[in-house]
Amino acid sequence: MKMSLKAVSLIILVHLLFASFALGESRHELNFPDILDYKTLKCDFHIHTVFSDGLVWPTVRVDEAWQEGLDVISISDHIEYHPHKRDIPIDHNRPYEIAAPRAKEKNILLVKGAEITRDTPPGHFNAIFVTNIPALDVKDFNDAVRLAAEQGGFVFWNHPGWKPEAKGWLDIHTKLYENKWLKGIEVVNGDTYYPEAHRWCLEKNMTMLGNSDVHDPITGYEIREDPELTHRPITLVFAKEKTAEALKEALLDGRTAVWHKNQLIGREKYLDAIFKAAVKVDKPYYRQKDTVWFEIRNNLCMDIQMEKAGAGRAEKLVLPANSTTLLRRGAKDKTGEVKLSYVVKNFLIAPDKGLPVELVVPLQ
Ligand SMILES: [Zn+2]
Ligand SMILES: [Zn+2]
């Protein structure tokens, strides 16, 4: 049968319409498991662009986040500080508007945000999920935070120990907190962990956040002097789903943890769930008299550093990221299980307090 040119063209057209095209891009994933029936979203809620004092265009921030395995970002340019104003017009909405189409293409959830930037104290505060950033550009600091909260914004205190004059938690912070305008604190900002902020979050039931506050291209993280700073700090949010509504609900409920250097910082409930979801102990694969050999897998993208307080000296056990570790133990019994108690030193449930865990080795 001979097909007409028209029919052939139609077949080609239909084929083109329904064919799928690989975009030619792939990324490594950051392995943090979903826990407690929540999805674990990897987020950075504090990022700057050329629209304030950053050196990067908004779409590049989306590309960087996708490349680094993130799910959610908020571009949070300073409302009151614009050193590039000679070259870039001041427009508080433009960073979001420019980044939004790229975020859709890359499956990055982009949250509208801004940094309320006043002298320290009170300091700097991020307002995310806000709808009208120009309306926050008001003279009085309290009004700015109140208006952000009234817009449905989630407000958190940035880098609380950034300057020596910060002087910690003051009456002004109590006022924001008691008015329910201030809901969270950066326990980590850039390369710095603030134990004091960690303590405040635990005492006052506030949400813990860890963000990059990046101004330069993100590759800068790999060339800093601190060899432990191999990735940007991120906030893990345990949300019902990957939507703006679910994300905000999770933040208001304090369901977060912070990944900073080789540490995980958060409430015991969430760190314990992450440990249990990521670490698997198999039954022994070999036995010789009263000694068994078995494997432990660590499916996290970070090392787990454990310590057992034994008689005399502390016994250390490191489970490297994405690895299987072989262990040998004495085990007289051939049935039941062996329980090994450790403290995970790099899972911080309070400043200087690691997560207690139990490794259960089934003997059969
Ligand atoms: Zn700041
Ligand atoms: Zn900032």
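With 18 Å as the limit, write out which pairs from LYS283/LYS339; LYS180/LYS204; LYS112/LYS175 have Cα-Cα distances beyond it, or answer none.
Check vs 18 Å cut-off fails for LYS112/LYS175.
For the chain, give the share of DSSP beta bridges that are antiparallel, in percent and rounded to the nearest 5; count only bridges with both residues there.
Expressed as a percentage, antiparallel bridges in the chain total about 75.
Beyond 23 Å between alpha-carbons counts as too far, so tell me which of LYS248/LYS276; LYS240/LYS261; LYS104/LYS248 fall in that bin.
LYS248/LYS276; LYS240/LYS261
Report the antiparallel proportion of the DSSP beta bridges in segment 152-298 as a percent, rounded to a multiple of 5.
65 percent
Restricting to bridges with both residues inside segment 83-231, how much of the DSSP beta-bridge set is antiparallel, in percent to the nearest 5?
Expressed as a percentage, antiparallel bridges in segment 83-231 total about 60.
Rank THR192, THR131 by accessible area, highest first, at a 1.4 Å probe radius?
Listed by decreasing accessible area, they come as THR131, THR192.
Tally Lys/Arg at +1 and Asp/Glu at -1 over every other residue whose Cβ is under 15 Å from the Cβ of ALA144; what's the total?
Charge balance in the 15 Å sphere: -4.
Rounded to the nearest 500 deg cm²/dmol, what is the calculated helix-only ellipticity per residue at 222 nm for the chain, with -39500 (n - 2.57) per DSSP H run of length n ≥ 4?
-7000 deg cm²/dmol
Which peptide among 134-144, 42-52 comes first, and what is the full order, when sorted by highest mean count of other Cβ atoms within 10 Å?
42-52, 134-144
Please list, or write none, the aspartates and glutamates whose alpha carbon is within less than 19 Å of the alpha carbon of LYS308, excluding same-chain residues fewer than 8 places away.
Of all the aspartates and glutamates, those that pass the test against LYS308 - Cα under 19 Å, at least 8 places apart if same chain - are GLU268, ASP272, GLU295, GLU337, ASP352, GLU358.
Which whole-angstrom value gives the distance between the alpha carbon centres of segment 169-202 and segment 287-364?
34 Å
Give the carbon-plus-sulfur fraction of the accessible surface of the chain in %, rounded to a whole number; probe 1.4 Å, heavy atoms of protein chains only.
51 percent
If we count GluC sites (Glu not before Pro) as exposed when they sit in a DSSP loop and have at most 13 other beta carbons within 10 Å, what is the longest stretch of the chain that avoids them all?
That would be 30-224.
What's the FRET efficiency of GLU249 with ASN93 using the Cβ-Cβ distance as r and R₀ = 35 Å, to the nearest 0.05?
Given R0 = 35 Å and the Cβ-Cβ separation, E is 0.90.
The values are calculated or read from the model by the stated rules, or taken from the named source; none is laboratory data. Please read all numbers here as calculations on a predicted model, not as lab measurements. When we count neighbours, we look across all protein chains shown, and the Cβ atoms used for this are built from the backbone with ideal geometry, even at glycine. All accessible areas refer to the heavy atoms of the entire protein, side chains included, with ligands and DNA or RNA removed. Shrake-Rupley method; radii C 1.70, N 1.55, O 1.52, S 1.80 Å.
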